[in-house]
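Notes for the one structure printed next.
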Amino acid sequence: MNVVSLFSGAGGLDLGFILAGHNVIWANDIYSDAVKTYRNNIGNHIVEKDIKDIPSKEIPSADIIIGGFPCQGFSVANIKRHTNDSRNALYRELLRVIIDKQPKYFLAENVKGILSLDKGSVFSMIISDFTNAGYNVSYQVLNSADYGVPQKRERVIIIGVRKDLTYQYVFPEKTHSPDGSDNKSKWVSIKDALAIYPDPDTPNDIPNHTYSKYKLNFNGYIGHRKLDPNKPAPTVTARGDSKGGVVILPHPNGLRRMTCRELATVQSFPSDFIFFGNNSSIYRQIGNAVPVKLAITIAKQFNLIEHDNDKS
């Protein structure tokens, strides 16, 4: 399918669709470092501009519109979240483009916390908005670890299928489980995922293999919790900004923070995917991304729909 991507960031979701066989024809983000990363790894079709300033007529038509709309206002990690947070309104830009372009499908991704915001009323409003736009809407919470990602990252995946189409999106079956039961593979542990990397303090030529010197203080707060090396990592966050303050998971050895390269691996980015910007910016780009392996799995389900449509 031809894909239009909004809030693309460094391109985790887009890369997943590309690796699943789809064609991303247009993308957009406002964050300069993320756009540079995207252009150098994925393509020049990304537009660096505020989506609020881009008329729908300037966006090409596509089979599907995808977007992990900014989630900071929705996240349960943000204790100051509220329904009037200006960042929450950005989903309306995704809605606006969907209404105007009327693709066959759309995919919207967000944090699990969006389900409980304002006792569920915000999510109900979002689903109602998408339904009124002309789509049959379904959603499911997917745990990235269940699809081979070395991270227990839960995300709400919202799928819309235009009402004139007769096919329904089928959410992917789990391929992994905590203990490898039910004929599934065992969850990928953080120890196994990071075993390929040498000590970043020794000479090496691995790109982005540098880390924040922010002091470790295991006090139970986010970014200050010891990791069990035999399990997937907890959720990678994107708190903070490009100037600093980003909360970075500790390495499972408990001696330092993860390097940018290691954190990218936790998000299942390929080892040859190079990030641009300073460490804080790179950590932020990685934290904002959809895990690539999860994106591939989600995107492949659209291949099944398109195959059925071709047969009909």
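Read the figures in this text as sums done on the coordinates, not as results from a lab. The shown structure was predicted, so the numbers you read here are calculated from the model rather than taken from an experiment. Glycine gets a Cβ as well: all are built from the backbone with ideal geometry, and neighbour counts include every protein chain shown.
Couple of notes before you dig in:
- Packing around the peptides 25-32, 211-218, 95-102, taken as the average count of other Cβ atoms within 10 Å per residue, puts them in this order, highest first: 25-32, 95-102, 211-218.
- Each residue of the range 281-295 was assigned a 3J(HN,Hα) from its phi angle through the Karplus expression (A = 6.51, B = -1.76, C = 1.60, θ = phi - 60°), giving 5, 5, 4, 5, 4, 5, x, 7, 7, 7, x, 4, 5, 5, 4 Hz with x at Gly and Pro.
- Number of Lys pairs (Cα under 29 Å; 8 or more positions apart or on different chains) in the range 171-223: 5
- 3J(HN,Hα) along the range 203-212: x, 7, 10, 7, x, 6, 8, 10, 9, 6 Hz, from the Karplus curve 6.51 cos²θ - 1.76 cosθ + 1.60 with θ = phi - 60°, whole Hz, x for Gly and Pro.
- Note, ³J(HN,Hα) from phi for the range 113-128, Karplus 6.51, -1.76, 1.60, rounded to Hz, x at Gly and Pro: x, 5, 5, 9, 4, 6, 6, x, 5, 5, 5, 4, 5, 4, 4, 5
- The lysines whose alpha-carbon is closer than 18 Å to the alpha-carbon of Lys163, local same-chain residues fewer than 8 away aside, are Lys101, Lys104.
- Cut-off 17 Å (backbone N to label point 7 Å along Cα→Cβ of Asn278), residues of the range 19-50: 32-34
- DSSP bridge pairs, the chain: antiparallel proportion in percent, nearest 5: 50
- The helix-based estimate of mean residue ellipticity at 222 nm for the chain, built from -39,500 (n - 2.57) per DSSP H run of four or more residues and divided by its residue count, is -8000 deg cm²/dmol to the nearest 500.
- Estimated dipole of the chain in Debye, rounded to 20 [Cβ of Lys and Arg +1, of Asp and Glu -1, Cα centre]: 860
- Beyond 35 Å, the tail of the calculated P(r) for the chain holds 17 percent of the Cα pairs.
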